[in-house]
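**Q** Let me begin by handing over the structure; questions about it come next.
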Amino acid sequence: MRSISKYLGILAVGLMVSIATTDMAEARKAGGFSGFGSRGTKTFSAPPTTRTAPAPAAPIERSMTPKTNATQPNATPANQQRPGFFGGLGGSMLGGLMMGGLIGMLLGGGMGGGIGFLGLIFQVILIAVLASLAMRFFRSRQQAAHSTPNGGLPPQGNKAPGFEIPRMGALLGGSKPVSADEIGIQKQDLDTFESILKDVQAAYAAEDYSALRRLTTPEAMSYLAEELSDNATKGLRNEVRDVHLVQGDVAESWREGTVDYATIAMRYEAIDVMRDRTTGAVISGDPDNASDSVEIWTFVRRPGAGWQVSAIQGAEAA
């Protein structure tokens, strides 16, 4: 009986670890950069999906923008806190299962102490499965709600301007469709975005901090510098070359006061390899074949200045 209990305990722990690993893997499916930076008042709202990035963008998890009602369109008032799944009814049910198992183990209920412990193990497994299903369910609902404009309402009309890359800079013929492009992104803007994409990747690979400061906002630069420093500490160097923009379009653009923002979905190919800083040996990636990435880049333009990268979010390829 003791060996069976030990086996089931190991099985339960393994199940919970595998669930956690799966969730982490799903969170890391997005492109080369994790979600960081600022999109102004839209920092914590998902940009509209486009033909280039039909899947929702990864949320911005690292930002200096404070979370206020202005930056959280679906925020709940402070005096009406929304209970999580582990609060209220869900928390009561799972808490009752856990407490019942603990009491059963301590008191040796059922057909003896061994059976009580087995009951606890089965309850732990059940709790892990329920928790995983609940997190996946609510995550999918949140992504579905945030992936469309107007707070999750069905899109009205064509929400993407329809720019295509490598013709990034050539407006499609005919009348301009109704879109989220409020400021009217022009040919020279799109050409600039494509150029900045390549320049940022080159500067990142060369660990050129001066170039990164010129191409990005101070906040975005701080996160890129942090990643470069982390690579150096681990004895690694990220080699990125042969960047080729395959497709792209405008997700949205808007103005806040005198500051312009443009969020662009870009799909590009590049040789992306992690090497040992000392020996040059390949740690990860393919040095001979380009990998495909889909990312959402937000650019900001202040009066008297050019466009700079202010945020980068990953997105899953279609």
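**Q** How would you rank E227, E295, going from fewest to most other Cβ atoms within 10 Å of each one's own Cβ?
**A** Values: E227 15, E295 24.
Final ranking by Cβ density, sparse to dense: E227, E295.
**Q** A further question on this structure: I need the peptides 265-274, 194-203 ranked by packing, meaning the mean over residues of other C-beta atoms within 10 angstrom, with the highest value on top. Spell out each step's value before the answer.
**A** On the way: 265-274: 20.9, 194-203: 18.8.
Answer by packing, highest mean first, reads 265-274, 194-203.
**Q** Taking every pair of distinct Cα atoms and averaging 1/r, then inverting, what Kirkwood hydrodynamic radius in Å comes out for segment 271-310? Before the final figure, lay out the partial values.
**A** Numbers: mean 1/r = 0.0756 Å⁻¹.
Hydrodynamic radius (Kirkwood, Cα only) of segment 271-310 equals 13.2 Å.
**Q** What does the convex hull of the alpha-carbon atoms of segment 180-318 project to on average, in nm²?
**A** Details: hull surface 35.7 nm².
Orientation-averaged projected area of the Cα hull: 8.9 nm².
**Q** A232 to E61: FRET efficiency via 1/(1 + (r/R0)^6), r the Cβ-Cβ distance, R0 30 Å, to the nearest 0.05?
**A** Working: r = 22 Å, r/R0 = 0.75.
Using R0 = 30 Å, I get an efficiency of 0.85.
**Q** Order these by the 10 Å Cβ neighbour count, fewest first: L224, L245, L126.
**A** L126, L245, L224
Computed from the coordinates by the stated procedures, all read-outs in this text should not be read as laboratory data. For clarity, every value in this text was computed on a predicted model and none was experimentally measured. Virtual Cβ from ideal backbone geometry, glycine too; neighbours counted across all protein chains shown.
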